[in-house]
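The values are calculated or read from the model by the stated rules, or taken from the named source; none is laboratory data. Everything numeric here is computed off the predicted structure, so don't read it as measured data. Because the Cβ atoms are built from the backbone with ideal geometry, glycine has one as well, and the counts that use them run over all protein chains shown. When the accessible area is computed, the model is the full protein with side chains, heavy atoms only, and any ligands, DNA or RNA have been set aside. Shrake-Rupley method; radii C 1.70, N 1.55, O 1.52, S 1.80 Å.
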Amino acid sequence: MRFTPPHGPPITFRARLHDARTATVIGRLLGLALLVCFATGVFSHYLQHPPPWLADRLPSRPSWGYRLTQGLHVVCGTAAIPLLLAKLWAVYPRLFAWPPVRSVRHALERLSVAVLVAAGIFELFTGLLNTFQWYPWPFSFVPAHYAVAWILLGAVLLHVAVQWPTIREHFTRRSPGTAALPEADGPDRRQLLAAVAAGVGAVTLTTVGQSVTALGPLDLFAPRSPAHGPQGLPVNRTADAARVTAASLADWRLTVAGPRPYSLTAAELRALPQYEVTLPIACVEGWSKSARWTGVRVRDLLERAGAGPGAGCRVVSLEAVGAYRVMEMGRRYAQDPLTLLALRIDGEVLSLDHGYPARIIAPNRPGVLQTKWVGRLEVM
Ligand SMILES: Nc1nc2c(c(=O)[nH]1)N[C@H]1C(S)=C(S)[C@@H](COP(=O)(O)O)O[C@H]1N2
Ligand SMILES: [Mo]
């Protein structure tokens, strides 16, 4: 590649490391990682904010479904960081193309690349900081991350369409039109790709333990170890932060609103049939961990309030303010025998930070919807 700026000597990039083949090989991996992030992110968005027609159709199985998609989202997003850096490095000489704008078409093309790069950096950067629960910006993370995801998707699709002839030509080593390639795919490119693979492998292995408990010991860089926290489970929002105190729970009762409303003390709740389920909490901030929960089936509580078999419910926490104070669950979650108002975790009474006296645990749902410090259920 050779560029001749108006002043000074021409810049020549001789290595194959900045050519279209390198950009294609790294770009297709990056594109794949971003597509997985987009699909799993949109999935997560609709689980959290379903339109009315969808709410009762969302499936409560497989129980590990959301843990898988959320794990993929975080793993692919993390792996995309070294891939994006490598891709930018491979194509950066094009920044110096001269003249900077050759035509209207060329200007639009460069503008679309600028949007692509900016949106890509924004998504990976905000997503990474979200796993650290660190929000050093004035906007709110979820809507911004979601909106820019669509911009990024559009920019990726446009980029692939514009670059399609080049991508096709360089997609495989033996593509037509790249006659000299077996030799051109020399040791320098192999070394670069090996270094990129090593970088991706390293960041993945040192963070994947936050989603895959068995790989926890390798967790050097993950913001939290899934085992850290009271009763072997991380805590995102402490009772302190939610201003729920033991004193305020002294005469706690669970209220159930419906055609036949009633309320129960903690002792009455413990006297109802208890069930045990093993379900994960899969947090949107990046960690997942399974636990054994014991408590009363939500569908039994709703039925006792006169709810029919098609009822969903609204859950209200004792927490006074907070984005996750009120949660709704569609029919399939509410009626699933695995969905509990849990009183115990791994055999122990829930600690205050885990939602004492009672919390929701349901299969195939984002952690933000596993409401703690439940005070009220309403039949819907
Ligand atoms: N009332 C209430 N429940 C809540 C939250 C909250 O802020 N308020 N945070 C949720 C989030 S983000 C997650 S991941 C899980 C974490 O559960 P744990 O802190 O018990 O591990 O609880 C959820 N339940
Ligand atoms: Mo969470």
Open item on the list: Please report the carbon-and-sulfur percent of the accessible area for the chain; probe 1.4 Å, protein heavy atoms only, DNA, RNA and ligands left out.
Closed with: 65
TODO: Give the peptides 95-101, 83-89, 201-207 in descending order of average Cβ contacts within 10 Å, highest first.
DONE: 83-89, 201-207, 95-101
Task: Counted charge near ALA227, where neighbours are those whose Cβ lies closer than 10 Å (Asp, Glu -1; Lys, Arg +1) - done: +1
- [ ] At 1.4 Å probe size, with every protein chain present, just tell me what the per residue accessible area of the chain comes to in Å².
- [x] 50
Task: 41 Å tail of the calculated P(r), the chain, as % of Cα pairs - done: 28
Open item on the list: Let me spell out the model: positive unit charges on the Cβ of Lys and Arg, negative unit charges on the Cβ of Asp and Glu, origin at the Cα centre of the chain. What dipole size does that give, in debye rounded to 20?
Closed with: 780
Task: Mean separation of Cα contacts under 8 Å, 6 or more apart, over the residue count of the chain: relative contact order % - done: 19
TODO: Compute the length gained on full extension between ARG190 and ALA147: take 0.36 nm times their separation in residues and subtract their Cα-Cα distance, giving the result in nm to one decimal.
DONE: 11.8 nm
Open item on the list: Report the Cα centroid-to-centroid distance between the range 224-257 and the range 99-126 in angstrom, as an integer.
Closed with: 46
Open item on the list: If I take all pairs of Cα atoms in the range 210-296, what percentage of them are more than 19 Å from each other?
Closed with: 59
- [ ] Return the calculated 222 nm mean residue ellipticity for the chain, to the nearest 500 deg cm²/dmol, obtained by summing -39500 (n - 2.57) across DSSP H runs with n ≥ 4 and dividing by the residue count.
- [x] -13500 deg cm²/dmol
Open item on the list: Apply the a/c threshold of 1.5 to the C-alpha gyration tensor of the range 232-379 and tell me whether it is rounded, prolate or oblate.
Closed with: rounded
Task: Value of relative contact order over the range 1-111, rounded to a whole percent, pairs C-alpha under 8 Å and six or more apart - done: 41
Open item on the list: Among 247-255, 62-70, how do they line up by average Cβ neighbours within 10 Å per residue, starting with the highest?
Closed with: 62-70, 247-255
